[in-house]
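Heads up: the structure comes next, in structure tokens.
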Amino acid sequence: MNVHTAPNQSLVSAPNLSAVNSSDGSLACPEGNFWEWLYTFQPIYIMVVCVTGVVGNSFVLMVLCLQKGRCTVPELYLGNLAGADLLLLAGLPFWAVNIALHYEWPFGDFLCRYVNSVIYMNLYSSVYFLVMVSIDRYLALVKVLHYGRMRTLSCVKINCFIIWMFSLLMSSPIIIFRRVIYVEDLNISACLLDYPNKYWVLNVDILMVAIGFLIPAFILSFCTFQILKVLRNDQMQRFKQVHKESKAAILVLAVLLVFVICWLPFQLLQFLRIFLFSNILQGCSLERAISNSNQIASFLACTNSCINPVLYVLVGKQFRKKAREVWVRAVVRKRAETQSQ
């Protein structure tokens, strides 16, 4: 058996599968029993996140689809973000069952590939939808009189399509190399990555950190800094267009802040994993610490998918107004149907 598996090469992975020996499928760095309690806690937590997120994001999409007018540019991006979150949430119940079974994967190779690929698609699509909505707020607030053509709805739809295709491309290694592998030391068949050689692990991790974190972080930081400058500028607030666009910017900044809080620990751990795999850092104790920390960071990242709808309601005044209008129309229509019967 020649299995080049990656340590924690999934947003949802088993702590005791953090290092599988490439020659016989045994554990090169066995885990202790510290995380036994997660077999009970994690599935419950995952299902709570899943149910809450599905309800919330479905509500967001329903409001955006049923509203009277057309979606605005930021609403289109945030609607696609809600769709990406639903894609992630659709895969979480499978992992809840997998963890409850002590990481025995009972769903076969196809779902092993599908569930993990949608998790990675969410990672890339979410961050780049936020990048695009931040760029849009930058153009709307900082470049008020310029780049109007870049903010048309047709341009936004093309951008969203490109992001979805790009996310699918970036998750293709997961689709190709994920499979169910028998782990002899644990006597289970686990859903793991089976790369052609060990260098794939390092290259994919570096690619994830660079494209999935560093580049978006630079763009988001620049746009956020410029947006905050405009929001603090009293003279700019005198312009009606700037004042109008500022309302949407506040919601975007709130969504961005929560995204950073939820995803930053996971991305920082990827740096440590790269150093660990490159033998810059060594030791089973450190590997276990990174593996265990990855469990917390992974599920904190997944939690982001159920927080966004709450932000739309709490922070988004326009969204609350549109949700109220959709609700009133639904009630009026229901009453009219009842009276006609």
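A short reminder: the numbers here are calculations on the coordinates, not readings from a lab. Quantities reported herein were computed from a predicted structural model and do not represent experimental measurements. Cβ coordinates were reconstructed from backbone atoms using ideal geometry, including for glycine residues, and neighbour counts include every protein chain displayed.
For Lys321 and Lys334 in the same chain, what is the full-extension length gain: residue separation times 0.36 nm, less their Cα-Cα distance, in nm? Can you show the working numbers first?
Numbers: separation 13, 0.36 × 13 = 4.68 nm, distance 2.00 nm.
This chain segment gains 2.7 nm when fully extended.
Given R₀ = 30 Å, what would the calculated FRET efficiency be for Val142 paired with Leu169, taking r from the Cβ atoms and rounding to 0.05?
Values: r = 31 Å, r/R0 = 1.03.
Given R0 = 30 Å and the Cβ-Cβ separation, E is 0.45.
Expressed in nm to one decimal, what extension gain is obtained for the pair Leu66 and Thr40 from 0.36 nm per residue of sequence separation less their Cα-Cα distance? Don't jump to the answer; show the numbers that get you there.
Working: separation 26, 0.36 × 26 = 9.36 nm, distance 3.97 nm.
Fully extending the segment from Leu66 to Thr40 adds 5.4 nm.
Scaled to the compact-protein estimate 2.2 N^0.38 Å, what is the alpha-carbon radius of gyration of segment 80-236, rounded to two decimal places? Please report the intermediate quantities before stating the final value.
Numbers: Rg = 19.9 Å, N = 157, 2.2 N^0.38 = 15.0 Å.
Ratio of Rg to 2.2 N^0.38 Å for segment 80-236: 1.32.
Could you work out how far the C-alpha centroid of segment 269-315 sits from that of segment 202-232, in angstrom?
Taking the Cα centre of segment 202-232 as reference, the centre of segment 269-315 is 18 Å away.
Could you pull out the pairs from Lys229/Lys317; Lys229/Lys321; Lys157/Lys322 whose alpha carbons sit more than 24 Å apart here?
Numbers: Lys229/Lys317 22 Å; Lys229/Lys321 28 Å; Lys157/Lys322 21 Å.
With Cα atoms farther than 24 Å apart: Lys229/Lys321.
Of the listed peptides 207-215, 269-277, what is their order by residue-averaged count of other C-beta atoms within 10 Å, with the highest listed first? Before the final figure, lay out each step's value.
Numbers: 207-215: 15.7, 269-277: 18.4.
Ranked by mean Cβ neighbours within 10 Å, highest first: 269-277, 207-215.
Can you pull the one-decimal nm distance between simple spin-label points at Ser154 and Asn187, each 7 Å off the Cα toward Cβ?
Label at Ser154, label at Asn187, 6.5 nm between them.
For Phe271 and Ile211, calculate 0.36 nm times their separation in residues minus their Cα-Cα distance, and state this gained length in nm to one decimal.
Result for the pair: 20.3 nm of gain on full extension.
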